[in-house]
Structures are given as C-alpha cells and as structure tokens.
Amino acid sequence: MIGYLFLLIILAGAAGFFINRRAARARMAAGERLHSMAAFHGAYAVCLSALPALVFTLLFLLFEGPIVDAILTASLPADAVADMDPGQLSLVEAEIKSIARGNVFGEPEPWKRDAAAYYAALRHNATLALWVAVIAILGVGLALARRRVSARFRARHRVERVIGWIMLACSGTAVLITAGIIASLLYESIRFFEKVPIGEFLFGLNWEPQIPIREGQIAGSGAFGWVPVFVGTLVITSVALFVAIPIGILSAIYLNEFAAPRLRAVAKPLLEILAGVPTVVYGFFAILVVAPAIRTAGATLGIDVAPNTALAAGSVMGVMLIPFISSFTDDALSAVPQTLREGSLALGATRGETMRKVLFPAAIPGIVGGILLAVSRAIGETMIVVMAAGLIATLTINPLDSVTTVTVQIVTLLIGDTAFDNPKTLAAFALGLMLFIVTLGLNLVALGVVRKYRELYD
Amino acid sequence: MTMLQPDEAETETEAPTAELKMTARDVDVFYGTNHAIKSISVDIPDKTVTAFIGPSGCGKTTFLRCLNRMNDTIRNCRVTGEIRLDGEDIYGRDIDPVQLRARVGMVFQKPNPFPKSIYDNVAYGPRIHGLAGTRAELDEIVERALTRAALWQEVRDRLDAPGTGLSGGQQQRLCIARAIATAPEVLLMDEPCSALDLIATAQIEELIDELRESYSVVIVTHSMQQAARVSQKTAFFHLGVLVEYGETSRMFTNPSDQRTQDYITGRFG
Ligand SMILES: Nc1ncnc2c1ncn2[C@@H]1O[C@H](COP(=O)(O)OP(=O)(O)O)[C@@H](O)[C@H]1O
Ligand SMILES: [Mg+2]
C-alpha cells in the first residue's frame with residue numbers, strides 16, 4: 001500500500017514538472033521574457049507538490065504508530081486492565097495487534113476481540129486519512145504551482161532556497177547522528193562510572209573484568225583499570241608505525257621522484273591493493289605466517305616469545321597502514337610545485353639533496369597529517385588484533401609479550417550472555433569513549449599541524 | 001663535433017674565448033617529435049648582458065635551459081649539437097650536470113623561493129657545495145649575496161622570516177641572491193620581471209646592470225624596451241631559429257633582417 005503511495009507521489013511530482021515546464025516554454029515561445037528558465041518552473045512544481053507530500057507521509061508514518069497505540073490503550077475496558085503493570089499491558093496490546101492481523105491463538109477473551117476489531121478499524125482509517133491527505137496536498141500543490149507560472153515569477157529563487165534547505169537537512173543529519181553516537185557513549189559510560197569510580201578506571205593498573213553474574217559467585221570482584229589495555233594498544237600501534245612509516249614514506253619518495261615511469265605505473269597500483277585487503281585476511285596472515293615465523297626466530301635465538309605477540313599483530317597492522325602513509329606522502333610530494341624542484345636543481349643540487357632539503361620538508365605537513373590519521377586507524381583497528389593479539393591484559397611494553405588492546409577488550413566484553421546493567425558490559429562503553437576521545441584528540445592535532453605548517457609554507 | 005684542424009682549433013680558442021664565456025654550435029632541441037630549436041649557434045661573451053628576445057613560443061626558454069642542462073630533467077627532451085663553457089663541452093661525458101649548474105646559475109620566470117627562511121634560501125647553494133667552512137663565512141656569503149641583490153637593507157632584521165613572505169619583487173631579488181651566492185660564472189634569467197610591477201622591474205634591471213661586472217648574464221625577455229635597456233648583445237629568435245644576433249644598439253636601430261624589423265616595430269609578437 002505504502003509503496004503505491006510513494007509511486008503516486010513520484011508520478012505527481014514528475015507530472016507537475018513537465019506540466020509547469022511546458023507552460024513556461026509556451027510563454028517563452030509566445031515571446032515573453034521569463035525571469036526563470038522553464039526547468040525552474042518545473043522544479044518549483046515538484047517543490048510544491050511531491051516534496052511536501054513526501055515530508056507529510058514520512059512524518060505521518062513516524063507518529064502513526066504511537067498515536068494509534070495511545071488511542072488503543074485509552075479504549076481498553078478499565079476493569080480489565082486496571083491492575084496491570086506496564087509490562088503486562090504491552091504484552092496484552094501485542095496480543096491484540098496479532099489478533100487484528102489474524103493470528104488468533106487459543107480463545108481470547110471477548111473484550112480482546114473487540115479491541116482487536118477497533119484497532120484494525122483505527123489502522124484502516126489512518127491509512128485512508130493518509131491517502132486522502134496526500135492526494136489533497138498533491139492536488140493543491142500542483143494547482144498552485146501551475147497558476148504561478150508567469151514571466152515575473154522568480155521560480156529559480158524559490159527552488160534554490162528549497163535546495164538550500166535540503167542540503168542543510170542532509171548536513172544536519174550527519175551532525176545529529178554524530179551527536180547521538182557521542183550521547184549514547186556518554187550515557188552508558190556515566191552509568192559505568194556510577195559502578196566503578198572514574199579514578200580507578202583511568203589510573204588502575206589491573207584489568208580483570210570478571211564480575212559475578214549470580215549473587216554469591218566466587219569470581220570475586222573485577223578490576224577495571226584501563227592502563228594495561230591502553231598500553232597494549234600503544235605497543236601494537238607503535239610496532240605498526242615502526243613498520244609503516246619508513247616503508248610507506250620511502251616507497252612513496254622512490255615512486256614519486258626516482259622510479260622510472262613504467263615502474264611507477266606498475267608498482268603504485270600494487271601498493272594500493274594493500275589498502276583493499278580485508279582486515280580479516282590480514283588477521284589470517286598474522287596468525288598463520290607472521291606469528292609462527294616470529295616464534296621460530298625466537299626459538300632459534302633462544303628468546304622467550306609469547307604465542308600471541310604484539311610484534312606479530314603490530315607488524316601486520318603496519319603492512320595494512322603502508323598504503324595509507326605512502327599515498328599521503330605521494331600526494332604531499334606531488335603537491336610541491338615543480339618550480340621549487342627546478343629551483344633547487346638549478347642551484348646544482350642533486351636529486352637526493354633536492355628531495356631531502358626542499359621537497360620532503362615542504363611535504364611534511366601532509367605527511368604528518370597522514371601519519372596521525374594512520375595512528376587513529378591503528379588505535380581503532382579491531383579485526384587484526386582480535387585474531388592475532390592476546391586477551392590477557394599484561395602491563396608491559398615488550399613487543400614479544402602478549403598484550404591486549406582496547407578494541408579487543410570491547411569485543412570480548414560484549415560477546416556472549418551479557419546483561420546491559422553489568423559493569424562488565426558497561427566497561428565496553430567506557431573503553432569506547434576513551435578510544436573516541438583519543439582518536440578525536442589525534443585528529444585535532446593532525447589538523448592543527450597541517451594548518452600551522454601551511455601558514456609557513458604557502 | 002667541429003671538423004677543425006688542431007692548429008686551427010687552437011687559434012679559435014685562443015683569441016676569442018678570452019672574452020667568450022659560452023659558445024653554442026648547431027644546437028637542435030626536440031620535445032618528442034616537436035622540433036623546438038633549429039640549429040642555433042650563438043656566442044655568449046663574458047661580463048656582458050646578452051638578451052634573447054622573440055615572440056612567445058619561439059624557443060627562448062628552451063634554448064636558455066640548454067645552457068645549464070635543465071632540459072635533462074624533462075623526460076622527452078633531446079638536445080643535439082655542441083655547447084661549450086670556457087671551451088669545455090658541457091654535454092661531454094665527463095661533465096656532471098650537477099656541477100655545471102653550480103657554475104651556470106638560473107633565475108626563473110616566476111619567483112620560486114624555497115619555503116625556508118630568507119637566510120636558508122641564500123645559504124642553500126653554499127651549503128650543498130661546501131663553499132663555507134664556518135658559520136661566520138656562511139654569514140658573510142649570505143650578506144654579500146643579499147647586498148649584491150639589493151635586498152640586504154630590507155631583510156637584514158628578519159633573516160629568519162620565511163622567504164615566501166616577501167613581496168613579489170623581493171622574492172625575485174631573493175632568488176637572484178640565492179643564485180649568486182653559489183658563485184656562478186654565468187647567470188641565466190628567464191623573463192625575471194614578467195611577474196613583477198614597474199618599480200620592482202626597475203630595481204631588477206638596475207641589478208642586472210651591476211651583475212654584469214662579475215658575471216656573464218643571459219636574460220630572456222619578451223620586452224624589447226627591457227632588452228634595449230639592460231643588454232649589450234641581443235639575439236632575436238623566431239619559430240625556433242636564431243634570426244639575428246648582434247650588438248643591441250645596432251639591432252634596435254638598424255636590423256638587418258625583415259623579421260627583426262617587424263618584431264621591434266611591433267608588427268607581430
Ligand atoms: N616541457 C615541454 N614539453 C614539450 N614541449 C615543450 C616543452 N616546453 C616547451 N615546449 C615547446 O617548445 C616550444 C618553445 O617553447 P619555449 O621555449 O617555452 O618558448 P618561449 O620561452 O620562447 O616562449 C613551444 O612550441 C613549446 O610548445
Ligand atoms: Mg618562456
């Protein structure tokens with residue numbers, strides 16, 4: 001039904017567009033000088049008919065459910081529902097609705113049957129009202145728009161204003177959703193901090209999120225100090241950057257400045273394939289290739305190596321970040337004006353000196369921005385570490401040890417049977433909030449760096 | 001590549017090269033299949049300003065860039081013929097273009113200071129070529145170059161400020177200071193005033209006249225008035241060929257070629 005309604009709206013809009021455009025063209029053909037092009041008169045008809053009908057329909061559908069429910073609740077016989085708590089009441093209403101849809105189980109009481117019939121009638125009337133209203137809106141809108149076609153009517157200004165509103169609504173949506181995400185993170189985190197003091201979370205050196213699920217279980221009380229988890233993230237991120245920064249920057253420098261064009265044409269897409277590899281595949285790679293290799297190497301050297309080393313997870317994550325850093329570096333180097341390159345060469349500098357002393361310094365803001373964004377990605381990266389890093393939070397900076405990360409802990413806290421009022425579960429939101437704050441801070445710093453250097457270099 | 005007999009070559013290099021700094025013989029340049037410079041031969045005397053004039057697209061820049069082998073950096077560019085600096089073939093096997101460019105400096109059409117401080121801009125060449133042993137020597141080189149470029153008075157208090165923050169004319173003088181700090185023997189200038197206003201242009205022209213005392217200067221310009229003001233020798237290029245070359249005063253009063261006549265009287269260009 002609703003599908004047909006949308007079809008009607010679209011058809012009416014299209015019809016309005018063509019009718020108005022034709023009317024405007026007819027006037028132009030008759031020698032009038034129109035303020036707006038014919039297509040704007042057409043678009044004006046759409047703005048006056050299909051657009052309000054669409055908005056009305058969406059609003060109607062949004063509020064129809066709650067309003068009909070409220071009417072239904074009010075209509076239930078008082079003696080039957082008087083001593084029900086809200087949970088029971090909503091069960092009863094669900095039953096009534098399913099009866100109305102024709103799914104009758106057993107022998108419902110007569111008042112429920114009556115309520116179901118009433119509910120069905122309500123829904124039917126609502127749909128009817130929607131159709132009538134939409135048709136009225138479309139009709140009035142089309143008629144109004146058609147009447148306004150004239151030489152002096154400024155259809156373009158109206159249409160442009162409507163388009164402006166639509167764009168505002170789109171960007172507003174993005175902002176609102178971000179705000180909503182932050183709000184929900186904050187809300188759950190605050191609930192967590194009611195159970196676990198914030199100081200303990202921020203500065204505690206122990207992370208053992210074991211909370212008794214039943215009363216009197218022997219698991220004791222959990223410890224929620226995020227320091228070891230965060231240090232784990234830092235260790236893995238550092239390893240990743242240790243791999244990604246030199247390889248990414250040097251490969252970009254080589255491909256941008258020194259490689260023969262044919263080599264560049266082949267190597268650059270190959271490098272970019274790395275960016276397209278799903279992180280799960282990187283995870284396999286870490287478990288099946290890198291981790292055993294590190295263990296074997298450790299065994300030959302007589303070094304004690306944990307099974308899930310930060311080194312394995314971090315180095316594979318580093319490989320994932322290489323294309324990130326190299327493409328930022330490449331862009332930054334390409335953006336340095338050719339005149340600077342020539343100016344340096346003309347002073348008798350070699351290509352290496354030109355790179356070291358002119359091109360690379362001029363590209364640093366872009367490169368630093370790229371690195372900071374890569375750090376944000378490394379900190380938030382989940383799949384590789386879930387697969388290849390450890391689960392136990394040990395406070396260590398030894399990359400040959402097993403560490404866990406913030407993202408791994410969030411995943412494990414939320415997996416399995418969990419209740420959402422349990423500190424163990426809520427801790428995931430607190431960790432998420434911290435992750436968000438850290439990456440947000442990094443992004444701000446990245447922006448700041450880029451801006452500061454741009455002032456100097458432009 | 002010349003087929004001169006050894007004794008003939010001797011006489012040729014002895015007498016005129018006392019004052020000839022660079023000589024070009026039958027130089028052709030191709031960009032891919034585009035034959036941009038056609039068999040050009042020019043002598044560039046020492047301690048003289050030589051102007052290259054001609055309508056745009058006639059190959060002035062291309063030829064100028066042959067003189068310090070900047071065309072090597074353009075991938076599809078091919079140069080044939082012979083160009084000598086102090087009698088030495090600059091396209092010869094044992095010549096490193098990097099060292100050549102330290103001897104033949106260049107100033108570009110658009111000022112292109114590095115995004116570094118004024119001091120570091122001027123010190124760039126001396127540093128990479130190791131011209132100064134101590135910081136004091138480097139300071140002195142920088143001061144001397146900036147003074148010769150008529151910029152010292154304006155920037156002496158802000159040598160640490162970025163060179164890109166100067167005005168257009170100051171930037172171009174900074175680029176000239178940067179070029180002469182490397183102690184070149186020849187200074188190539190490709191339309192150095194085309195991005196500047198009248199006052200800045202006048203300052204640069206005055207500067208070029210002073211530079212003539214120590215360097216051989218080659219300046220490309222599309223302004224004949226400028227060529228007349230600053231140069232002693234003028235070469236007129238047209239469609240990739242050298243139409244006429246001689247004393248500037250004679251070229252502008254009594255050109256021997258009809259095309260030169262047409263160009264300087266503004267009939268085309
Ligand atoms: N980098 C290049 N690649 C290909 N062709 C070029 C290049 N630079 C110049 N040319 C061509 O060479 C000719 C001479 O150009 P140019 O030396 O810049 O002239 P001018 O400096 O006298 O205006 C022109 O036809 C131009 O299209
Ligand atoms: Mg030019």
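Of all residues in the stretch A:11-53, exactly one satisfies the criterion of being surrounded by fewer than 16 Cβ atoms within 10 Å (Cβ to Cβ) and touching a Leu at 6+ places or on another chain (Cβ under 9 Å), namely A:Met28.
Looking for whichever is away from chain B (no Cβ under 13 Å), assigned to a loop (DSSP other than H, G, I, E, B) and aliphatic (A, V, I, L, M) here; the options are A:Val305, A:Val385. Which one fits? Even if it seems obvious, please write down each step before you answer.
Numbers: A:Val385 fails: assigned to a loop (DSSP other than H, G, I, E, B).
Of the residues listed, the single one that is away from chain B (no Cβ under 13 Å), assigned to a loop (DSSP other than H, G, I, E, B) and aliphatic (A, V, I, L, M) is A:Val305.
Taking B:Glu244 as the residue in question, decide whether it is within 16 Å of ligand 1 (Cβ to nearest atom), open to solvent by less than 50 Å² (accessible area, probe 1.4 Å), acidic (Asp, Glu) and modelled with pLDDT of 90 or more. Yes, satisfied. Scanning for something surrounded by fewer than 20 Cβ atoms within 10 Å (Cβ to Cβ) and within 16 Å of ligand 2 (Cβ to nearest atom), does the stretch B:225-238 turn up at least one residue? No, every residue in the stretch B:225-238 fails to be surrounded by fewer than 20 Cβ atoms within 10 Å (Cβ to Cβ) and within 16 Å of ligand 2 (Cβ to nearest atom).
If the condition is being surrounded by 17 or more Cβ atoms within 10 Å (Cβ to Cβ) and under 30 Å from A:Ile96 (Cβ atoms), then the stretch A:127-160 contributes A:Leu130, A:Val134. Return yes or no: is B:Asp157 open to solvent by 20 Å² or more (accessible area, probe 1.4 Å), in contact with a helix residue (DSSP H, G or I) (Cβ under 7 Å, 6 or more places away or on another chain) and away from ligand 2 (no atom under 16 Å from the Cβ)? Considered against the rule, which asks whether it is open to solvent by 20 Å² or more (accessible area, probe 1.4 Å), in contact with a helix residue (DSSP H, G or I) (Cβ under 7 Å, 6 or more places away or on another chain) and away from ligand 2 (no atom under 16 Å from the Cβ), B:Asp157 comes out as no. For the structure I just gave you, tell me whether B:Gly168 is more than 14 Å from ligand 1 (Cβ to nearest atom) and open to solvent by less than 50 Å² (accessible area, probe 1.4 Å). Yes; evaluated as a whole, the condition is true for this residue.
Among the residues in the stretch B:37-47, are any within 16 Å of ligand 2 (Cβ to nearest atom), closer than 23 Å to B:Thr248 by Cβ, more than 14 Å from chain A (Cβ to nearest Cβ) and not in a helix (DSSP H, G or I)? Reasoning before the result, please.
Our first condition is that a residue be within 16 Å of ligand 2 (Cβ to nearest atom); within the stretch B:37-47, this holds for B:37, B:40.
Those still in the list that are closer than 23 Å to B:Thr248 by Cβ too: B:37, B:40.
Adding the requirement that they be more than 14 Å from chain A (Cβ to nearest Cβ) leaves B:37, B:40.
Still in the running and not in a helix (DSSP H, G or I): B:37, B:40.
So far as the stretch B:37-47 goes, yes, one or more of its residues are within 16 Å of ligand 2 (Cβ to nearest atom), closer than 23 Å to B:Thr248 by Cβ, more than 14 Å from chain A (Cβ to nearest Cβ) and not in a helix (DSSP H, G or I).
Every condition in (1) more than 16 Å from ligand 2 (Cβ to nearest atom); (2) at pLDDT below 95; (3) under 29 Å from A:Ala362 (Cβ atoms) holds for B:Pro192 except the one numbered (1). Checking the stated criteria, B:Thr33 turns out to be β-branched (Val, Ile, Thr), open to solvent by 50 Å² or more (accessible area, probe 1.4 Å) and either farther than 22 Å from B:Arg259 by Cα or modelled with pLDDT under 95 (or both). Filtered by the rule that a residue be of a type outside the set (A, V, I, L, M, F, W, C), in a helix (DSSP H, G or I) and over 30 Å from the mean Cα position of the chain (by Cα), the stretch A:278-302 gives A:Pro292, A:Arg295, A:Thr296, A:Gly298, A:Thr300.
Can you tell me which residues in the stretch A:346-382 are part of a loop (DSSP other than H, G, I, E, B) and free of Cβ contacts under 8 Å to residues at least 60 places away in the same chain? Working first, answer last.
Let us first name the residues in the stretch A:346-382 that are part of a loop (DSSP other than H, G, I, E, B), namely A:347-350, A:381-382.
Correct list: A:Leu347, A:Gly348, A:Ala349, A:Thr350.
If you take the residues in the stretch A:324-339 that are surrounded by fewer than 18 Cβ atoms within 10 Å (Cβ to Cβ) and within 14 Å of chain B (Cβ to nearest Cβ), which one is nearest to A:Ile247 (Cα to Cα)? Applying the filter and picking the extreme gives A:Ala335.
In the stretch B:84-106 there is at least one residue matching the filter, namely being within 27 Å of B:Gly168 (Cα to Cα) and within 14 Å of ligand 1 (Cβ to nearest atom). Selection of the stretch A:407-455 for residues being within 14 Å of another protein chain (Cβ to nearest Cβ) and either modelled with pLDDT of 85 or more or loosely packed, with under 15 Cβ neighbours inside 10 Å (or both) yields A:Lys452, A:Arg454, A:Glu455. Sub-8 Å Cβ pairs linking a first residue in the stretch B:144-160 that is more than 13 Å from B:Asn121 (Cα to Cα) to a second residue that is exposed (fewer than 15 other Cβ atoms within 10 Å of the Cβ), at least 6 apart or interchain, are B:Arg148/B:Glu210; B:Ala150/B:Glu206, ordered by first then second residue.
Within the stretch B:91-123, the residues that satisfy the criterion of being outside any loop (DSSP other than H, G, I, E, B), in contact with a helix residue (DSSP H, G or I) (Cβ under 6 Å, 6 or more places away or on another chain) and facing chain A (nearest Cβ under 9 Å) are B:Pro97, B:Arg101, B:Gly105, B:Met106, B:Val107. Total residues in the stretch A:399-416 satisfying the condition of being more than 23 Å from A:Phe324 (Cβ to Cβ) and touching a residue at least 60 places away in the same chain (Cβ under 8 Å): the figure is 6. The helices (runs of 4 or more DSSP H) falling completely within the stretch A:31-116 that include 3 or more residues that are in contact with a helix residue (DSSP H, G or I) (Cβ under 7 Å, 6 or more places away or on another chain) and in contact (Cβ under 8 Å) with a residue 40 or more places away in the chain map to A:38-48, A:50-75. Reported count of residues in the stretch B:58-80, each being in a helix (DSSP H, G or I) and within 9 Å of ligand 1 (Cβ to nearest atom), is 7.
Take the residues in the stretch B:59-90 that are within 16 Å of ligand 2 (Cβ to nearest atom) and touching a Lys or Arg at 6+ places or on another chain (Cβ under 6 Å), then tell me which one is farthest from the other protein chains (Cβ to nearest Cβ). If we take residues in the stretch B:59-90 being within 16 Å of ligand 2 (Cβ to nearest atom) and touching a Lys or Arg at 6+ places or on another chain (Cβ under 6 Å), then B:Asn71 is farthest from the other protein chains (Cβ to nearest Cβ). Residues in the stretch A:352-370 that are open to solvent by 30 Å² or more (accessible area, probe 1.4 Å), touching a helix residue (DSSP H, G or I) at 6+ places or on another chain (Cβ under 6 Å) and within 12 Å of another protein chain (Cβ to nearest Cβ): A:Glu353 alone. Within the stretch A:399-406, is there a residue that is outside any loop (DSSP other than H, G, I, E, B) and away from chain B (no Cβ under 14 Å)? Yes, the stretch A:399-406 contains at least one residue that is outside any loop (DSSP other than H, G, I, E, B) and away from chain B (no Cβ under 14 Å).
The values are calculated or read from the model by the stated rules, or taken from the named source; none is laboratory data. Computed from a predicted structure; not experimentally measured. Backbone-built Cβ (ideal geometry, glycine too); neighbour counts: all protein chains shown. Please note that ligands, DNA and RNA were not included when accessible areas were found on the heavy atoms of the full protein model with its side chains. Shrake-Rupley method; radii C 1.70, N 1.55, O 1.52, S 1.80 Å.
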